[in-house]
């Protein structure tokens, strides 16, 4: 098929995946691996902006997940806080499952001269601000759910704008380091979320809007520093329905991507049990107040941060140096699993701290290769927005599964059974070692 014939095919005449493959073969003048190696190295400005923007992005995600959302729910529904939190987090995640990938496909095909990613970044920033307003002022759980759905939609917009940058703008020999940087920013944001949140309980508007303000700085800098442009000609504009259909792929044709996707899912489900309910663990089992619990979480997070950053930076450096990714998944799965088992039997704060530090170190090892491994196995790197969004949906699925299962596990034996909850979470996380062993195209 000629290039002009492929470009002129009606959007509805054949499936969008076939159009994409036909036009790709018609237009491509060099091997994709060669094209990747020709990417110029990124410098300090790119790296600084990448790190700052991801810190703000993760702060918008983690402040509600780790502190402000559980705190808000216990204020308006103290008698059923565990079930209400599971409902809000789980139901919103289920409703948002297709949103991220659809937005990713649409961003791949945006033909605006200003860029195909930047408009989604600005829309996401506005969505985070709206969700903060709704949740902060919500008098009841249903409005909190609405605000959480808005926040999830905003996260999908921002993810579609930022996540493809690693595959599109960074050469393979730097992906481990840049991917590790995003992991470090996630760890710092997690600690800041608990610490800062514990001091803002008297002002709900500030509690929910502070992360949005921080992200605004990074997003504005991203707009001017990170290169962007309209989609290549081979990408045709599509409807939302066509975008949704294009997300379907045959796992047998892309086995490595499928196994990596499943590995992220298993890690996500396991850690979701721990992160979503750790505030209530400190309240119910260890007897802290909400303010004390937030400060204790921040203290634990300080130690955990050192472990996370150390393993993230070391893992990112070594994975690029050794050109290996899977060994770090093995280490991550083992440490997260052990950390959750230790936390399951923790009778006091010091033992809990040991488990949390082990889990955080494992998370650092995983973060060091997470995005780099995904970027290495993308089926089509020129459609990175679509494939990275499909990859990130594994985290959304984990967020949906975890809070739905968690109340059932907590109810075993009469309620508050954090021992069972954390042990099951450790088993989920351990499954990532098996999925990594099945990846063949990456060492």
Within the set of pairs 6+ apart or on separate chains, which have a first residue in the stretch 410-422 that is at positive phi, a second that is assigned to a loop (DSSP other than H, G, I, E, B) and surrounded by 14 or more Cβ atoms within 10 Å (Cβ to Cβ), and C-beta atoms under 9 Å apart?
416/285
Flag if residue 126 is touching a helix residue (DSSP H, G or I) at 6+ places or on another chain (Cβ under 6 Å), assigned to a helix (DSSP H, G or I) and either closer than 23 Å to residue 227 by Cβ or modelled with pLDDT of 90 or more (or both):
no
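If you check 406, 346, which single one turns out to be more than 24 Å from residue 437 (Cβ to Cβ) and not in a helix (DSSP H, G or I)? If you could, list the steps in order and put the result at the bottom.
Numbers: 406 fails: not in a helix (DSSP H, G or I).
None of the others qualify; the one that does is 346.
Can you find even one residue in the stretch 424-441 that is free of Cβ contacts under 8 Å to residues at least 40 places away in the same chain and over 26 Å from residue 176 (Cβ atoms)? Spell out the reasoning first.
Filtering the stretch 424-441 for residues free of Cβ contacts under 8 Å to residues at least 40 places away in the same chain gives 434.
Pick out the ones that are also over 26 Å from residue 176 (Cβ atoms) and you get none.
Within the stretch 424-441, none of the residues are free of Cβ contacts under 8 Å to residues at least 40 places away in the same chain and over 26 Å from residue 176 (Cβ atoms).
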Report, ordered by the first and then the second residue, all pairs with beta carbons closer than 8 Å, sequence separation of six or more or different chains, a first member in the stretch 201-222 that is surrounded by 17 or more Cβ atoms within 10 Å (Cβ to Cβ), and a second member that is not in a helix (DSSP H, G or I).
207/200; 207/201; 210/200
Looking at the structure I just gave you, is residue 243 outside any helix (DSSP H, G or I), modelled with pLDDT under 85, buried (at least 20 other Cβ atoms within 10 Å of the Cβ) and touching a helix residue (DSSP H, G or I) at 6+ places or on another chain (Cβ under 7 Å)?
no
Given (1) in contact (Cβ under 8 Å) with a residue 40 or more places away in the chain; (2) surrounded by fewer than 23 Cβ atoms within 10 Å (Cβ to Cβ); (3) out of contact with any helix residue (DSSP H, G or I) (no Cβ under 6 Å at 6 or more places or on another chain); (4) in a helix (DSSP H, G or I), identify the lone condition not met by residue 90.
(3)
Return the total of residues in the stretch 183-201 being under 14 Å from residue 214 (Cβ atoms) and not in a helix (DSSP H, G or I).
1
Subset of the stretch 407-426 [at pLDDT below 85 and crowded, with 17+ Cβ neighbours inside 10 Å]
407
From the list 179, 159, 183, which residue is surrounded by 20 or more Cβ atoms within 10 Å (Cβ to Cβ), within 30 Å of residue 322 (Cβ to Cβ) and at pLDDT 85 or above?
159
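The values are calculated or read from the model by the stated rules, or taken from the named source; none is laboratory data. In this text, all values refer to a predicted model and were calculated from it rather than measured experimentally. Here Cβ is always computed from backbone atoms with ideal geometry, including for glycine, and neighbour counts include all displayed protein chains.
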